[in-house]
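In what follows, a single structure is set out as structure tokens and then discussed.
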Amino acid sequence: RLRRLVGDLQELSRLEEGAYHLELTHMRCQDLVQQAVDHLAPQYAEKGIDLSLEMAPTPLMVHVDKDRVLQILYNLLGNALQYTPAGGQVAVRVRSELQQRVDIQVRDTGIGIAPEHLPHLFERFYRADPSRSRAGGGTGIGLTIAHHLAQAHGGTITAHSEGPGHGSTFTLQLPLA
């Protein structure tokens, strides 16, 4: 855990200082999301969580660093898996309502987030429930790294929840190529 924390802190430091390089490539956003979902689908099945995927019917091309965007998606899908109890649902939706960006939504029926915590979720080490053990979770900076990676791609990441017990929705927005 300590090695992982040190690695995450080093990565976050590089992102905050702008000391990183993106390997940009044109690709279909749907392919990227499908890869992330396929990677985590066995863990969802093992926990008994229904994982669904809804894709835009037309190709949505993005100019991104594939590994870095996968890192964001793994974080969002991993958090949804962690905070959704067995028997719950996680829906991933890829769409483009505005012709300049693609929205990738990860919506869960998990524990939800109290409104006062939403503005702080992307701050390093912030935990909405400080009583939760770090032993079973991550380093507490995954969403912070995801936020910086989204910005590095000219995008954003946001969180929404109606409160505890009502699940949450995280939306990654990326510019279309």
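Going by what's in this entry, would ALA56 be described as more than 19 Å from ILE145 (Cβ to Cβ), open to solvent by less than 70 Å² (accessible area, probe 1.4 Å), in contact (Cβ under 8 Å) with a residue 12 or more places away in the chain and assigned to a loop (DSSP other than H, G, I, E, B)?
Yes.
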Could you pull out the residue among LEU70, LEU76 that is surrounded by 15 or more Cβ atoms within 10 Å (Cβ to Cβ), at negative phi and out of contact with any strand residue (DSSP E or B) (no Cβ under 7 Å at 6 or more places or on another chain)?
LEU70
Can you tell me which residue among ASP50, ASP31, ASP67 is within 17 Å of the chain's Cα centre (by Cα) and at pLDDT 95 or above?
ASP31
Check on LEU15, surrounded by 14 or more Cβ atoms within 10 Å (Cβ to Cβ) and in a loop (DSSP other than H, G, I, E, B)
no
When the stretch 145-166 is examined, which residues are found to be open to solvent by 70 Å² or more (accessible area, probe 1.4 Å) and under 25 Å from GLN10 (Cβ atoms)?
GLN151
Just checking, how many residues over the stretch 149-161 are outside any strand (DSSP E or B) and either at pLDDT below 90 or within 10 Å of the chain's Cα centre (by Cα) (or both)?
1
Please enumerate the residues belonging to the stretch 99-120 that are modelled with pLDDT of 90 or more, farther than 16 Å from GLU162 by Cα and assigned to a loop (DSSP other than H, G, I, E, B).
GLN100
Does any residue in the stretch 85-103 that is farther than 18 Å from ALA159 by Cα come within less than 7 Å, Cβ to Cβ, of a residue that is among the charged types (D, E, K, R) and open to solvent by 50 Å² or more (accessible area, probe 1.4 Å) six or more places away or on a different chain, and which pairs are these?
ALA86/LYS47
With respect to ARG4, is the statement that it is assigned to a helix (DSSP H, G or I), under 17 Å from THR156 (Cβ atoms) and modelled with pLDDT under 95 true?
no
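The values are calculated or read from the model by the stated rules, or taken from the named source; none is laboratory data. The structure presented is a predicted model; accordingly, all values stated were derived computationally and were not measured. Note that each Cβ is placed from the backbone with ideal geometry, even for glycine, and that neighbours are counted across all protein chains shown. What goes into the accessible areas is simple: the full protein's heavy atoms, side chains included, and nothing from ligands, DNA or RNA. Shrake-Rupley method; radii C 1.70, N 1.55, O 1.52, S 1.80 Å.
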